[in-house]
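A.B. asks: Below are the structure tokens for one structure; questions will follow.
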Amino acid sequence: MALRGPAGLGPGSRRPLDEAVAGAVGREAPALLAAGGAPEDDEEDDGRGRGLLRWDGFSAWLHCVCVVGFDLELGQAVEVIYPQHSKLTDKEKTNICYLSFPDSNSGCLGDTQFCFRFRQSSGRRVSLHCLLDQFDKDLPVYLKKDPAYFYGYVYFRQVRDKTLKRGYFQKSLVLISKLPYIHFFHTVLKQLAPEYFEKSEPYLEAACNDVDRWPAPVPGKTLHLPIMGVVMKVRIPTCHDKPGTTQIVQLTQQADTNISVILPTVHEVDIFRCFCPVFLHSQMLWELVLLGEPLVVMAPSPSESSETVLALVNCISPLKYFSDFRPYFTIHDSEFKEYTTRTQAPPSVILGVTNPFFAKTLQHWPHIIRIGDLKPTGEIPKQVKVKKLKNLKTLDSKPGVYTSYKPYLNRDEEIIKQLQKGVQQKRPSEAQSVILRRYFLELTQSFIIPLERYVASLMPLQKSISPWKSPPQLRQFLPEEFMKTLEKTGPQLTSRIKGDWIGLYRHFLKSPNFDGWFKTRRKEMIQKLEALHLEALCEEDLLLWIQKHTEVETVDLVLKLKNKLLQADREHLPVKPDTMEKLRTHIDAIILALPEDLQGILLKTGMT
């Protein structure tokens, strides 16, 4: 038989998912809700009696909150980190300092919001308890946490203040999180930052205490999140949602009277506003992102650069963009030398920059998008042209897409006409975004469906799964075999767009996005095979089997079955609950059929 068989757990530890406690609408005397939303005992104290420790709730959403100010002698400096026990390395603090302020040339007067992403220091231990992975498994692949990166969500204020030596008040409130919920955290900052700049630290502490009372970020649940007198209603998407739909559950009118803000999305940006200057070339940009080509967005401010980079990454959804991307990147970034060196080809990364120095430093990059100021909703900027790279001398160059790339697919004139008609009719930007997002979604699905169909064919037949042999292997992915399937079942079945689809697939198969996608799908299929193998074992008469085998073989079987159960639990195998229960029953029955001395030993060895 061949049966195969985080850090800081004090303040940062997590309770199990089914013990997640929902936060309350009232801050002083919270009425606790279970993660599913059902009322619980009002006497419960913040869930601490059910295994929830101080700052557990906070850690599920945020790593920490930072305040970055400007010191005349030190320059940008982290003034406050909250909660105070939060760990940041010196390198991480330096990155946060420089990324939390716009470049001086941006001239951002007033309030500015943007987002950045930076690499977690090597050697640091995982900041969130591994049980949070239970939330991750139900998320769409493009919303899963990347353990190697943090997001920084910034609210920067620069206003004239004659009482200060520099003549300006300059400060940023920054939320550091593993979660890529851009729209959600920007909304949180809009509620917090203006008040914080007036009321300072006690206000920030009270806000963090509110976050600590929030329910866990469970996908698929409608969550009520109170913060400083405002209640936000959100729903985090799940991998089971139909792509392109928004599923914010509308409760009864009476239940909604306390809701201040309803967010239709936690992660999406205004994609049309970002693509507006370049929507004539949106299909070409989709190809560049799909293929993981090195891409630079040069913009006047961090707001424009970060929104545009995030819109580009978002345009191949529901595919995940597997390469690195930096919504806002500065010359002080710890990866600056790595990403700007001329000794090797530019890496597969999307950078958002605002410093004019990059126009010279990144001249050798093959694809550069230069955008002007993004217009307010309703105003349409002049459409930029595709220009040759040699024409890009400085950041003052005219807006345009600077590339010599020749798209594989013919331009879809229908979507351009539809968006232009919307511009003429003064259609709201939100409606234009829905049209553009649906177009990108259909384009990506048309591209990926043939790959999904072919990869599904690599799965062994269920009848080939034997309980007494290791699960069968997946067949190998053969590019030429896949190409032959495109003649009958290619994207022409679902897309009206003509062009060199074969060339696009050949290029894609060499890209980081294909590598990441295929590794994910392969892992899912191997887990499915393991789950089917478990089910096959459960259907066997194991008591009859042990009658024909020795004690040693029976003990070996018990140990391997226990390992199977541990694997199913550890790897979240897609196994039905009754299958797990059946297997436990089988194990117990086999143990009881053994001599008493062996029973005692086997009952002590792990789970049954």
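The values are calculated or read from the model by the stated rules, or taken from the named source; none is laboratory data. What you see is a predicted model; the values in this text were computed from it and never measured. Reconstructed Cβ throughout: ideal geometry from the backbone, glycine too, with neighbour counts over all protein chains shown. All accessible areas refer to the heavy atoms of the entire protein, side chains included, with ligands and DNA or RNA removed. Shrake-Rupley method; radii C 1.70, N 1.55, O 1.52, S 1.80 Å.
A.B. asks: Conditions: (1) surrounded by 15 or more Cβ atoms within 10 Å (Cβ to Cβ); (2) in a helix (DSSP H, G or I). Residue 543 meets all but one. Number of the miss?
C.D. replies: (1)
A.B. asks: Still on this structure, please answer the following. Just checking, how many residues over the stretch 56-75 are surrounded by 19 or more Cβ atoms within 10 Å (Cβ to Cβ) and within 20 Å of residue 189 (Cβ to Cβ)?
C.D. replies: Residues of the stretch 56-75 surrounded by 19 or more Cβ atoms within 10 Å (Cβ to Cβ): 56-68, 70.
Remaining after also requiring within 20 Å of residue 189 (Cβ to Cβ): 57-68, 70.
Total meeting the criteria: 13.
A.B. asks: Go through the stretch 193-216 and give me each residue that's outside any helix (DSSP H, G or I), open to solvent by 10 Å² or more (accessible area, probe 1.4 Å) and touching a helix residue (DSSP H, G or I) at 6+ places or on another chain (Cβ under 9 Å).
C.D. replies: Looking only at the stretch 193-216, we keep the residues that are outside any helix (DSSP H, G or I), and these are 200, 213-216.
Narrowing further to those that are open to solvent by 10 Å² or more (accessible area, probe 1.4 Å): 200, 213.
Of everything in the stretch 193-216, just one residue is outside any helix (DSSP H, G or I), open to solvent by 10 Å² or more (accessible area, probe 1.4 Å) and touching a helix residue (DSSP H, G or I) at 6+ places or on another chain (Cβ under 9 Å), namely 213.
A.B. asks: Would it be correct to say that residue 504 is in a helix (DSSP H, G or I), open to solvent by less than 70 Å² (accessible area, probe 1.4 Å) and not assigned by the TED database to the domain that holds residue 439? It would help to see each step written out before you state the result.
C.D. replies: Numbers: in a helix (DSSP H, G or I): yes; open to solvent by less than 70 Å² (accessible area, probe 1.4 Å): yes; not assigned by the TED database to the domain that holds residue 439: no.
So residue 504 does not fit the description; no.
A.B. asks: A further question follows. Residues in the stretch 279-287: is at least one part of a loop (DSSP other than H, G, I, E, B) and at pLDDT 95 or above? Before the answer, list the steps.
C.D. replies: At the first step, the residues of the stretch 279-287 found to be part of a loop (DSSP other than H, G, I, E, B) are none.
Within the stretch 279-287, not a single residue is part of a loop (DSSP other than H, G, I, E, B) and at pLDDT 95 or above.
A.B. asks: Also, I was wondering about something else. If we keep just the residues of the stretch 350-385 that are among the basic types (Lys, Arg) and at pLDDT 75 or above, which is least open to solvent (accessible area, probe 1.4 Å)?
C.D. replies: Here is the first cut: in the stretch 350-385, the ones among the basic types (Lys, Arg) are 360, 370, 375, 382, 385.
So of that shortlist, the ones also at pLDDT 75 or above come out as 360, 370.
Values: 360: 141, 370: 33 Å².
Only one residue tops the list, namely 370.
A.B. asks: Another one. How many residues are farther than 20 Å from residue 118 by Cβ and surrounded by fewer than 19 Cβ atoms within 10 Å (Cβ to Cβ) when one looks only at the stretch 310-325?
C.D. replies: Looking only at that region, the number is 1.
A.B. asks: Condition (residue is over 18 Å from residue 471 (Cα atoms) and either part of a helix (DSSP H, G or I) or of a type in the set (D, E, K, R) (or both)) applied to the stretch 524-536: is it met by at least one residue? Spell out how you get there, then give the answer.
C.D. replies: Let us first name the residues in the stretch 524-536 that are over 18 Å from residue 471 (Cα atoms), namely none.
No, that holds for no residue.
A.B. asks: Which of the residues that make up the stretch 560-608 are within 17 Å of residue 532 (Cβ to Cβ), of a type in the set (Lys, Arg) and loosely packed, with under 14 Cβ neighbours inside 10 Å?
C.D. replies: 576
A.B. asks: Any residue at all in the stretch 429-436 that is open to solvent by 60 Å² or more (accessible area, probe 1.4 Å), modelled with pLDDT under 90 and either part of a helix (DSSP H, G or I) or closer than 27 Å to residue 242 by Cβ (or both)?
C.D. replies: Start the filter on the stretch 429-436 by keeping residues that are open to solvent by 60 Å² or more (accessible area, probe 1.4 Å), which leaves 430, 434.
Remaining after also requiring modelled with pLDDT under 90: 430.
Pick out the ones that are also either part of a helix (DSSP H, G or I) or closer than 27 Å to residue 242 by Cβ (or both) and you get 430.
Among the residues of the stretch 429-436, at least one is open to solvent by 60 Å² or more (accessible area, probe 1.4 Å), modelled with pLDDT under 90 and either part of a helix (DSSP H, G or I) or closer than 27 Å to residue 242 by Cβ (or both), which makes the answer yes.
A.B. asks: Shifting gears a bit: Quick check, is residue 557 closer than 16 Å to residue 583 by Cβ, open to solvent by less than 60 Å² (accessible area, probe 1.4 Å) and not assigned by the TED database to the domain that holds residue 292? Give the derivation first.
C.D. replies: Working: closer than 16 Å to residue 583 by Cβ: yes; open to solvent by less than 60 Å² (accessible area, probe 1.4 Å): yes; not assigned by the TED database to the domain that holds residue 292: yes.
Judged against the criteria, residue 557 is a match.
A.B. asks: Residue by residue through the stretch 423-466, note down the ones that are aromatic (Phe, Trp, Tyr) and more than 24 Å from the chain's Cα centre (by Cα).
C.D. replies: Taking the stretch 423-466 and keeping what is aromatic (Phe, Trp, Tyr), we get 439-440, 447, 454.
If the condition is that a residue be aromatic (Phe, Trp, Tyr) and more than 24 Å from the chain's Cα centre (by Cα), then 454 is the only one that fits.
A.B. asks: Follow-up question, since we're still on this one. How many residues does the stretch 152-185 hold that are surrounded by fewer than 19 Cβ atoms within 10 Å (Cβ to Cβ) and among the β-branched types (Val, Ile, Thr)?
C.D. replies: 2
A.B. asks: Return yes when residue 181 is hydroxyl-bearing (Ser, Thr, Tyr) and either in contact with a strand residue (DSSP E or B) (Cβ under 7 Å, 6 or more places away or on another chain) or at pLDDT below 90 (or both) and no when it is not. Lay out the reasoning, then the answer.
C.D. replies: Working: hydroxyl-bearing (Ser, Thr, Tyr): yes; either in contact with a strand residue (DSSP E or B) (Cβ under 7 Å, 6 or more places away or on another chain) or at pLDDT below 90 (or both): no.
Against the criterion (hydroxyl-bearing (Ser, Thr, Tyr) and either in contact with a strand residue (DSSP E or B) (Cβ under 7 Å, 6 or more places away or on another chain) or at pLDDT below 90 (or both)), residue 181 does not qualify.
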